[in-house]
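Student: Okay, here's the structure, questions in a sec.
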Amino acid sequence: MIEKGSVIAAEAGKAKHLIGRQDRAMLSPQSKTLGNVVELMRKKIGGFLVSAAFQRSTLAPLARWALRRVNSFYKFGTRFKMDMQLVERGHYAYCMMNAAILAQSLGHTRISAIEFGVAGGNGLRFMCDFADEVLKLTGVTIDCYGFDTGSGMPPPDGAKDLPYWFQSGQYRMDVPALKARVPNGKLVLGEIRDTLPDFVKTHDPAPIGVIFNDTDYWSSTRDSFRLFDLVAQHPGNFLPRLFLYFDDIIGTEVEMYGPYNGQLLAINEYNDQQSAVKIHLNQNLLGADHLPWRWQIYYAHLFDHPQYDTYVGAIRQGALESALRLQV
Ligand SMILES: C[S@@+](CC[C@H](N)C(=O)[O-])C[C@H]1O[C@@H](n2cnc3c(N)ncnc32)[C@H](O)[C@@H]1O
């Protein structure tokens, strides 16, 4: 969840690293006081700017415009940029950062993020760039994979693929250009139904914690879920819970996405077919009505995963327990 005040914690942490204990001891009392006042103001202003109330306000786009310009000479922290919606793909950033935090609490230092449906590669490029930010903040490396035919959309497989909107050959990739522009992105080229079954055996990916699904079709999304067939044999290649994003469940009056076509239908059918893995909307974001992508972030629970029950609540539960203790 985008937390009110997460920037405060991050910025406070940064300040501690910038001024070590010895340096602080050498500062005069006046400079310490001034430093504290500046720090407090930074916290207050930062907290106000990222608050849901401000983000919802008509001033927020203007503030973003101004902060983007300031960011060209004063680099804001990643958390602040996320909370302020200054990152290019906030939904990708949210999933990657939170998967890394989950990985950390499970003792992993490397995970994988997958994009199904790469096209020109702007999503994969963002993933590779943002992985550097996540590494700096969390110490978790993210390997980024992109699945695509390489030659655009395959033919639709009937009415549920919205053939009135998608056509074979749309969104072609310039493979050499993409490989040159995003050298760290790992492309898996071919139809998903052909490339997926051997993916884990061939690539032995670090635990997969994030999936961005932008394949447009019901049939391609359905095929992408075959990835979870590999969990039983290769649990070490998965986190027990994943952050998912589905691009094609909100659109226009022309697309007319719904539970009986496209990606939503694939999700519903998959949930109905088996019980080991369930995919559902991430409900913590629903109150964050300033985030336009809040209806597109899902979780996947891999209930049979050996790390599923591993306790990850130590830090947050500590705070919660003290808040719930009877006040005397
Ligand atoms: C809308 S584009 C992806 C856009 C990209 N994610 C971005 O953000 O720029 C959809 C892509 O999904 C790919 N695709 C759809 N079905 C596929 C399948 N069954 N196998 C492989 N690729 C598929 C198409 O080739 C196309 O490039």
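Student: Where does the charge balance sit around residue 301 when Lys and Arg score +1, Asp and Glu -1, over other residues with C-beta under 14 Å from its C-beta?
Tutor: Charge balance in the 14 Å sphere: 0.
Student: Answer with one residue from 105, 70, 183: the one whose Cα lies farthest towards the positive end of the charge dipole of the chain, charges on Cβ with Lys, Arg +1 and Asp, Glu -1.
Tutor: Going by the Cα projections, it comes out as 70.
Student: If you count, for each residue, the other Cβ atoms within 10 Å and average over each peptide, how do 162-174, 311-323 line up from highest to lowest?
Tutor: The packing order, highest mean first, is 162-174, 311-323.
Student: Further question: Which peptide among 233-246, 127-140, 209-222 comes first, and what is the full order, when sorted by highest mean count of other Cβ atoms within 10 Å?
Tutor: 209-222, 233-246, 127-140
Student: Which angle between 0 and 90 degrees, to the nearest 10, do you get for helix 90-105 versus the longest principal axis of the chain when only C-alpha atoms count?
Tutor: Its long axis makes an angle of about 80 degrees.
Student: Hey, another quick one. Of all trypsin sites (Lys or Arg not before Pro) in the range 26-110, which ones are in loop regions per DSSP and have a Cβ with at most 10 other Cβ atoms within 10 Å?
Tutor: 75
Student: Something else about it: So, with +1 on the Cβ of K and R and -1 on the Cβ of D and E, and no other charges, what is the size of the charge dipole of the chain about its Cα centre, to the nearest 20 debye?
Tutor: The calculation lands at about 2000 debye.
Student: Across every pair of different alpha-carbon atoms, what Kirkwood hydrodynamic radius in Å does the range 133-268 reach?
Tutor: That comes to 16.2 Å for the range 133-268.
Student: For the chain, what is the mean residue ellipticity at 222 nm derived from helices alone (per DSSP H run of n ≥ 4: -39500 (n - 2.57); sum divided by total residues; nearest 500 deg cm²/dmol)?
Tutor: So the helix-based figure for the chain works out to -13000 deg cm²/dmol.
Student: Filter the cross-link list 201/278; 136/278; 75/186; 43/136; 160/186 down to pairs whose alpha-carbon distance in this structure exceeds 27 Å.
Tutor: 136/278; 75/186; 160/186, as the Cα separations exceed 27 Å there.
Student: Shifting gears a bit: Work out the FRET efficiency for residue 39 and residue 280 from their Cβ-Cβ distance, taking R0 = 45 Å, and round it to the nearest 0.05.
Tutor: Once rounded, the FRET efficiency stands at 0.65.
Student: Between 98, 268, 36, where does the largest GNM mean-square fluctuation fall for the chain, given springs only between Cα atoms within less than 10 Å?
Tutor: Taking springs between Cα atoms under 10 Å, the residue moving most is 36.
Student: I want to verify a result. In a Gaussian network model of the chain, Cα cutoff 10 Å, which of these has the top mean-square fluctuation: 74, 298, 257?
Tutor: Among 74, 298, 257, the largest GNM mean-square fluctuation belongs to 74.
Student: Starting from the coordinates of the alpha-carbon atoms of the chain, obtain the Kirkwood hydrodynamic radius over all distinct pairs and give the value in Å to one decimal.
Tutor: 21.7
Every read-out reported here was derived from the displayed coordinates using simple, explicitly stated rules and does not represent laboratory data. Keep in mind that what you see is a predicted model, and the values were worked out from it rather than measured. Please note: Cβ atoms are built from the backbone with ideal geometry, for glycine as well, and neighbour counts cover all protein chains shown.
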